[in-house]
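FYI, it's all coordinate maths here, none of it is from the lab. Everything quoted here is computed from the prediction, not taken from an experiment.
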């Protein structure tokens with residue numbers, strides 16, 4: 001079970017652990033990132049070589065089974081992962097995706113996702129969107145609007 005934090009939902013705690021783990025491997029992460037209008041991935045990670053990973057955090061069986069939009073995220077990454085708690089029933093997850101076990105403090109990649117490289121033009125546009133989005137979030141934290 002993830003550490004309880006009354007300000008964060010279970011999926012957000014999973015995302016925090018995933019981001020901590022990936023940061024140790026030189027990935028920059030943005031939580032709740034919109035790759036395009038109408039979509040929002042739980043974690044988008046940008047690796048040191050420009051690789052782009054999407055990680056969807058699922059805190060329960062119902063959270064997974066009620067998610068009908070995740071396949072739309074495959075076109076926005078080189079690798080797609082599920083992040084779940086240790087006691088999650090992983091047999092319900094698609095076997096052709098990556099698997100990360102996480103909690104609020106860290107994570108472990110149990111199954112590497114297969115690679116499906118993005119087209120160069122999409123990668124370039126997505127990296128620019130990622131950078132602008134991250135910079136805007138940082139700016140909002142440092143100088144919030146009154």
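Structural remarks
- Dividing the radius of gyration of the alpha carbons in the chain by their Kirkwood radius gives 0.96 for Rg/Rh.
- Taking the DSSP beta bridges with both ends in region 10-142, the antiparallel portion is around 55 percent.
- Debye intensity ratio in log₁₀ form over the Cα atoms of region 63-106, taken at each q of 0.19, 0.23 Å⁻¹: -0.65, -0.93
- Estimated at 0.36 nm per residue, the fully extended path between residue 8 and residue 32 surpasses their Cα-Cα distance by 7.3 nm.
- Mean residue ellipticity at 222 nm, helices only, the chain: -9500 deg cm²/dmol; runs of at least 4 DSSP H residues each add -39,500 (n - 2.57), and the sum is divided by the number of residues.
- Added length on full extension, which subtracts the Cα-Cα distance from 0.36 nm per residue, residue 142 to residue 127: 3.1 nm
- Distance cut-off 14 Å, percentage of C-alpha pairs in region 31-103 lying past it: 59 percent
- Cα shape, region 78-137, gyration tensor, a/c 1.5 rule: oblate
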